[in-house]
Amino acid sequence: MTDIASRPAPGFQSPALSAALEWLARRAEGVVIPLAALVVGMALFSVFIALIGKSPTQLYELMWRGGFGSWFSIQNTLSRAAPLLLAALCVALPARLGLVVIGGEGAIVLGGVAAAAVAVPLAGAPSFVGIALMGIAAMLAGGLWIGAVGALRHYRAVNETISSLLMAYIAIALMNHLVEGPLRDPASLNKPSTHTIDPAFVVGPIPGMDVHWGLVVGIVACVAAWVLIEKTRWGFAARIAGGNVRAAQVQGLAVGPLIVGFCALAGGFAGLAGMIEVSAVQGNANGSLAAGYGYTGILVAFLARQNPLAIIPVAILLGGIDASGGLLQRRMDLPDATVQVLQGMIFLVILVSDTLYGRFKAFNPDLWKRSA
Amino acid sequence: MLPQFMISRRRFIKSSAAAGALGLAGAGLPLGAARAAEATIGFIYVGPKDDFGYNQAHAEGAAFLKTLEGVSIVEEENVPETVDVQKTMESMINLDGATLIFPTSFGYFDPHMLAMAAKFPDIQFRHCGGMWTEGKHPKNTGSYFGYIGQGQYLNGIVAGHTSKSKKIGFVAAKPIPQVLLNINSFLLGARAVDPAITCQVIFTGEWSLAVKEAEATNALIDQGVDVVTCHVDSPKVVVETAAGRGAFVCGYHANQAPLAPEKYLTGAEWNWANVYKMYVEKLLAGEDLPNFTRGGLADGFVKMSPLGPAVTETARTQFDDTLAEIMKGGFSVIKGPLKNNKGDVVAAEGQSFPETAPELEGMDYLVEGVVGSTS
C-alpha cells in the first residue's frame, strides 16, 4: 500500500500514467483489503493450530496440496465450488436491494425436486429438451419460493431474513414429503428417492476435466448477474432502492416489482443449482439435496461483499478449503471441525475488515493531491 | 512392540507427505510403490466419528484395524452424500494410495460409490447397507450389513421387565423397512414379557435432527413412557434427554452407557471390528473379498451392551435364555399369528420369518401394539 502512496505527486507524471495509477488505486482497495484479511485470518488460525500442538507449516502445505497443488486437487476444488456459485448469487442479488436472504437452501431443494419431477414424464425426449425443461422447472420453483419472500417483504413487511430461513425448513419438509410420498420410486426402499432421470438428461463433465458443466453455468450466471447489476437500468434502479427505498420511490421507481423480481431471479439461480445437483451428481431427487450449499452460499456472498464477480474466486477459495479439509483429517488426525474453525476465523476477519474501507490514503487518489 | 509400530507409522506418513511435497504425488503416482508391504484402507463417515451412534460404531471398527500389523487407516468424517464423497474417495486413492475403501453411509452407494468403482476398477469398495446385487453391480464393489432387529428384540425383553407403566417408546428417523423392523422387534420383545405392553413411536423425519429427537423423547415421557429406545444416527440426545427425565433407555448402534450409567439397560450394537477384520485378512492374504456379507448376533456382526445396574434378575434370566436361543441360529422375531396395528394379518398361524427372510426387507407395517403410523 505504501509504495503507491510514496510515489511522487501526480503533478510530476504524465497524465496518462497518473490516470492509470488512479484507476488502479481505486480498484486495488477491493482486492488488497480482503486478501490482507485472508492472510490475517490464516495467521490467527496458525496460532490456534500451534496451540493444539500441530504444525502450522504442515497444515498449510497440506491445504495447498489438497486444494490447489495438483491437477486432481484443482478439479476437486472446482467440483466443490460449482454449486456454491449459484447458491451465493441467491444471497448477493437481493443484498443489492438491501435484503438479507439466507434461505437459498429451500430454493435449491425445491429446484432439484421440480427438475426430477418433470424429468420423469419427459423420459425419451431429446437430451436438450429434457435438460432445458428441467432447468426451467427448477428456476420456476426456486424463483417462486424466494420471489414469495420478496413479496412478503415488500407488500406485507415480513422480515425477509426470518421468512426465508423458515421457508427453507418448509421447503425441506416439502421435499421429504414429495420424495417419500407422491414422487417416490417404489424401488428405493431404504433411501427414498424419485425415479432416476433418463441418462440423456445427465449434464456431463466439461471435456478434458472431471468437473461437470454446472461450473460453467455458475460462472456465466455470476457474470450475467454482474452485468445486470452494474450495467443495466434495472441494476441501477436496484442499487438506488438498496441505498434508500424512500428516495427510489420518490424518483418513481417501481420498488415492489424490483424487489420481487430480483428475489425471484436469485431464487431461480438457486433452483438451477438444485437441478444441476440432480442432473449432474445425484441422478434423482432425494434427501441428500439438502447438503447445506444454500448456507455455505451465504458465507461466499458475504466474503465477496455481494459482488457477483467476486463470488467466483471466493467460491473457488472455499471449495479449496473444503477439498483440503479431508487431507487434514487424514494426515494430521484433525477433526472435521478444524476446517469450520478456519472458515469461521476468515469470515470474522473479513467482516471486521469491512470497517477499513476508505481509511487508506493509498486507495483514494482524491487525497493524494491534497497532501502533495 | 505396539507403540513402536505406531510411531513408525506416523513417521512413515510424515515422510510420505514430505515426499509428496517434492512432487511425487503430483506426478500421479499415489505413493503406492513405497507402500507395497502395507495396505491403506479408507473409511468415510457421514457424521462425526464420536457421535455415540452409527458413525462411532464404524470408527470403532476402524480403530480396531489400526492395531493390526500391515495396515494403514485413513479416515474422513462429516462427508455429505454429494460430489464431496466422490472426491473424498478419489482423494484417498490418488493422494493416500488407498486400495480398499469403506464408504459407510447408506446414501454413498448410488450414484457416488458406483461412479468411483467404474472409474477405478482396480480399487475395492465395500459399502455398508446390503444393496449389492449380483449381475447389476461391478465386482470391485460389495455390501455388508447386519441383522440388528434381534438386538432390538432383546432390548424389548429388558424394557418389558423394567417398565412400570407398561408403555415403552421409540424415537425413529424414517418409516423405512430397516427402522420398522427395529420398532416391531422392540415391541415384540417387550410383549414376550407382558402382552399388555404398548410401544409409542415418533418419527422425526431425519437421520440427525437433535432438536426434534429431544422433543420426541420429552413427548414420549410426557405420555407416561418409562423406557425409551431409538433408531437415529446419534442416540446421544435421546439417551441423555430420557435419562435426565428419569426414564430408562436401551441403546442402539454403539454403547451409550457412559452417557447414562444408571439408566442404561442394554443396547443393540454393531460389531464392525469383526467384519472389517475379515476383509483385511483376506486383502492381506491376496484373496478375493466377498461381494455380499450379512450376519446377525450369531455371526458376530451384532453384539449387546453389557446389562446395566437397573436390570433385574428375572430380566437377566430371560435375556440370557433368549440370547442363547438366538445364538443357535434361525430364530424368528416376526412369527404368526401376528397382526399389524390396522388389524390386518401379517403372519398367519405357523408362519415365521427368520432374520434372513427376504419379506422382511420390504416391511411396511407396524405390528399390533405399536402406537403410531408409517405415513
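Derivation of every value follows stated rules applied to the coordinates shown; laboratory data play no part. Bear in mind that the values here come from a model prediction, so they are computed numbers and not experimental data. Glycine gets a Cβ as well: all are built from the backbone with ideal geometry, and neighbour counts include every protein chain shown.
At a glance:
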{"read-out": "Pick from segment B:82-114, criterion in a helix (DSSP H, G or I) and in contact (Cβ under 8 Å) with a residue 60 or more places away in the chain, ranking: surrounded by the fewest Cβ atoms within 10 Å (Cβ to Cβ)", "value": "B:ASN94"}
{"read-out": "Where a residue in segment A:178-205 is at the interface with chain B (Cβ under 9 Å from one of its Cβ atoms) and its partner, wherever it lies, is surrounded by 15 or more Cβ atoms within 10 Å (Cβ to Cβ) and of a type in the set (Phe, Trp, Tyr), with Cβ under 6 Å and at least six apart", "value": "A:LYS191/B:PHE106"}
{"read-out": "Evaluation of B:VAL275 against (1) over 22 Å from the mean Cα position of the chain (by Cα); (2) part of a helix (DSSP H, G or I) (one fails), failing number", "value": "(1)"}
{"read-out": "Selection within segment B:272-295 - touching a Phe, Trp or Tyr at 6+ places or on another chain (Cβ under 6 Å) and surrounded by 22 or more Cβ atoms within 10 Å (Cβ to Cβ)", "value": "B:VAL275"}
{"read-out": "Residue that is farthest from B:TYR108 (Cα to Cα), among those in segment A:252-291 that are surrounded by fewer than 24 Cβ atoms within 10 Å (Cβ to Cβ) and of a type in the set (Val, Ile, Thr)", "value": "A:VAL255"}
{"read-out": "Tally of residues being of a type in the set (D, E, K, R) and closer than 21 Å to B:LEU289 by Cβ across segment B:86-109", "value": "2"}
{"read-out": "Any chance B:GLY362 is within 14 Å of chain A (Cβ to nearest Cβ), within 21 Å of the chain's Cα centre (by Cα) and touching a residue at least 24 places away in the same chain (Cβ under 8 Å)", "value": "yes"}
{"read-out": "Top-ranked residue in segment B:83-123 [being within 11 Å of chain A (Cβ to nearest Cβ) and touching a His at 6+ places or on another chain (Cβ under 6 Å); ranked as farthest from A:LEU327 (Cα to Cα)]", "value": "B:PHE109"}
{"read-out": "Positions within segment B:63-82 being within 11 Å of chain A (Cβ to nearest Cβ) and aliphatic (A, V, I, L, M), in sequence order", "value": "B:ILE73, B:VAL74, B:VAL79"}
{"read-out": "In segment A:327-372, the residues that are of a type in the set (Ser, Thr, Tyr), more than 30 Å from B:ILE101 (Cβ to Cβ) and surrounded by 13 or more Cβ atoms within 10 Å (Cβ to Cβ)", "value": "A:SER353"}
{"read-out": "Exclusive hit being under 14 Å from the mean Cα position of the chain (by Cα), touching a residue at least 40 places away in the same chain (Cβ under 8 Å) and either closer than 30 Å to A:GLY271 by Cβ or surrounded by fewer than 24 Cβ atoms within 10 Å (Cβ to Cβ) (or both), set A:LEU110, A:LEU86, A:LEU99", "value": "A:LEU86"}
{"read-out": "Enumeration of residues in segment A:47-59 that are more than 11 Å from chain B (Cβ to nearest Cβ) and surrounded by fewer than 18 Cβ atoms within 10 Å (Cβ to Cβ)", "value": "A:VAL47, A:PHE48, A:ALA50, A:LEU51, A:ILE52, A:GLY53, A:LYS54, A:PRO56"}
